[in-house]
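A.B. asks: Take this structure first; my questions come after.
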Amino acid sequence: MRHLAAAAFAFVASTALAEEVTTYQLDNGLDVVVIEDNRAPVVVHMLWYRAGSADEPAGVSGIAHFLEHLLFKATDTVESGEFQRVVAENGGSDNAFTSYDYTGYFQRVAADRLPLMMQYEADRMTNLVLTEEDIIAERGVILEERNQRTENSPGALAREQMRAAQFMNHRYGVPIIGWRHEMEALDMDDALAFYDQYYAPNNAILVVAGDVAPEEVLELAEEYYGPIPANPDLQPRARTQEPPQLAERRLVYEDPRVSQPYVTRTYIAPERDAGDQETAAALTYLAELLGGSSFTSALAIALQFDTNTAVYAGAFYDGMNLDDGTFGLTVVPAEGVGLQEAEDAMDAAVAAFLEEGIPAERMEALRTQLRAGEIYARDDVGGLARRYGAALTSGLTVEDVQAWPDILQSVTAEDVLAAAELVLDRNKSVTGWIVPNREALQ
């Protein structure tokens, strides 16, 4: 093992109470993150690319997800499907995923199989070989996936329409899987153009978590990933941004498969930013306080118990994004309650929550709950790897990830109410009524 001080790479090491994390950067720009957990001889090897559906060129929606599928095909030296077979033969598991801001590939194997995983993953970073048969076959697979996950789900179709209305100019308004008419036209040139642009070490983050030593991971990374050249033409992640949203938007989604009408509303909300996560932390509390529990949240108490207006009331916050996320409310009315009545009751409950303030005991209980959640999360090395990978590909740093638990604990009731005032602006919202037919609107 050569002395680290003499190696030609940038080195940063940081440690948090939650986990031991060490970071490196290779000469070709590959970021390496090592999370040590020696309780079991298991390792999770994840390669994340800073390229998701929001980075796609206009007109080829779904190409990021399509390429994710195609990466399981052949390379110059590996047969199609060989990588998955080798993982299985070595007692491991593997998969991949695509989101708005990233695409990731991972394997969970015995720790001594890590070099093999790096060998195969590094190979497909640069040596992918596609055929027209691959394109035709896998295009059929992703179209069927859209059928199963989206076309067969009225809720999923409604969410697509909501996001398209919420994001007027940003690519977050385009579904990750793609619009069907554009997916049907995806071809070899589209796939290779996206691959050549984004699949490069200077656009990737290697996260290795488990029973490993940082120096050994670095040595392996240099051996397998180090020889891959950086892409000198890689451009900064420049995306179309949202203009000021000045008007409330409303829609009705009608589908006979809807078994229970409901009302949902989303607002544009700030994401977690590097060095500036306080508002996101407050919004995390706001979502929990308004709709995080079917028994103790403000909407549940007001609508499900006090007035029997709803059979379900919830809230959510989506803040792990490179750009603005969303804050949302959903109410499923009780039998005999119309959607307008349910929406009015939802608005009244939110207004009362803001007017009455937040009891100190509710804030303290939520702090305890969130603290426990952070502690339990340390027990899963795969979850830890995902946490760091998702954060780093969304513009955060290791330091931001490790500061997050303390930031959550520092949130006050005043912070939550200030965040609510910032975000709950009807001019930045989309309200949807999801119904089986027009009669349900009465």
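A.B. asks: With the other protein chains left in place, how much accessible area per residue, in square angstrom, belongs to the stretch 157-284 at a 1.4 angstrom probe? Walk me through the intermediate numbers first.
C.D. replies: Values: 5650 Å² over 128 residues.
In whole numbers, the stretch 157-284 has 44 Å² accessible per residue.
A.B. asks: Probe radius 1.4 Å, ligands and nucleic acids ignored: give me the carbon and sulfur share of the accessible area of the stretch 250-393 as a rounded percent. Intermediate results must be reported in sequence, preceding the final value.
C.D. replies: Numbers: 3230 of 6170 Å².
Looking at the stretch 250-393 in its full context, I get 52 percent from C and S.
A.B. asks: Just the accessible area for TYR388, please: 1.4 Å probe, Å², rounded to the nearest 10?
C.D. replies: Approximately 0 Å² for this residue.
A.B. asks: Quick check for you: which residues of the stretch 309-334 have the amide N under 20 Å from the point 7 Å beyond the Cα of GLU341 toward its beta carbon?
C.D. replies: Only 309-314, 330-334 pass the distance filter.
A.B. asks: Helix-derived [θ] at 222 nm for the chain: sum -39500 (n - 2.57) over DSSP H runs of at least 4, divide by residue count, nearest 500?
C.D. replies: Working: 14 runs with 169 residues, N = 442.
Using -39500 (n - 2.57) per qualifying helix, the result is -12000 deg cm²/dmol.
A.B. asks: Further question on the same structure: Roughly how tilted is helix 214-224, in degrees to the nearest 10 and between 0 and 90, from the longest Cα axis of the chain?
C.D. replies: So the helix axis and the longest Cα principal axis differ by about 70 degrees.
A.B. asks: For the chain, take the longest principal axis of its alpha carbons; what is the angle in degrees between that and the long axis of helix 360-377, to the nearest 10 within 0 to 90?
C.D. replies: 20
A.B. asks: Right, next: Among DSSP beta bridges whose residues both lie in the chain, state the antiparallel percentage, nearest 5. Before the final figure, lay out the partial values.
C.D. replies: Working: 56 of 68 bridges.
Percent antiparallel among DSSP bridges in the chain is about 80.
A.B. asks: So what is the relative contact order of the stretch 188-334, in percent, for Cα pairs below 8 Å that sit 6 or more residues apart? Mind showing how you got there, number by number?
C.D. replies: Values: 162 pairs, mean separation 30.6, N = 147.
21 percent.
A.B. asks: Across the Cα atoms of the chain, what radius of gyration and what greatest pairwise Cα-Cα distance (Dmax) are found, in Å?
C.D. replies: Gyration radius and largest Cα-Cα distance of the chain: 23.4, 75 Å.
A.B. asks: Sequence gap at least 6, Cα distance under 8 Å: using those rules, report the relative contact order of the chain to the nearest whole percent.
C.D. replies: Working: 823 pairs, mean separation 92.5, N = 442.
Answer for the chain is 21 percent.
A.B. asks: Give the percent of DSSP beta bridges with both residues in the stretch 280-409 that are antiparallel, rounded to the nearest 5. Walk me through the intermediate numbers first.
C.D. replies: Values: 8 of 8 bridges.
Restricted to the stretch 280-409, the bridges split so that about 100 percent are antiparallel.
A.B. asks: Hey, if we sort SER297, SER99 by accessible area with the 1.4 Å probe, largest down, what's the order?
C.D. replies: Numbers: SER297 0, SER99 30 Å².
Largest to smallest exposure gives the sequence SER99, SER297.
A.B. asks: Taking the Cα atoms only, what angle lies between the long axis of helix 188-198 and the longest principal axis of the chain, rounded to 10 degrees?
C.D. replies: In the chain, helix 188-198 runs at an angle near 80 degrees to the longest axis.
A.B. asks: How many angstrom lie between the C-alpha centres of the stretch 296-310 and the stretch 64-110?
C.D. replies: Each part reduced to its Cα centre gives a spacing of 45 Å.
A.B. asks: Full extension from ASP196 to ARG39: what is 0.36 nm times the residue separation minus their Cα-Cα distance, to one decimal in nm?
C.D. replies: On the way: separation 157, 0.36 × 157 = 56.52 nm, distance 3.90 nm.
Result for the pair: 52.6 nm of gain on full extension.
A.B. asks: Just the Cα atoms of the stretch 54-202, one point each, no solvent: what log10 I(q)/I(0) does Debye give at q = 0.08, 0.11, 0.18 Å⁻¹?
C.D. replies: -0.25, -0.46, -1.10
The values are calculated or read from the model by the stated rules, or taken from the named source; none is laboratory data. As the structure is a prediction and not an experimental result, all values here were calculated from the model. Methodologically, a virtual Cβ is constructed for each residue, glycine included, from the backbone with ideal geometry; neighbour enumeration extends over all protein chains shown. SASA here: full protein model, heavy atoms, side chains in, ligands and nucleic acids out. Shrake-Rupley method; radii C 1.70, N 1.55, O 1.52, S 1.80 Å.
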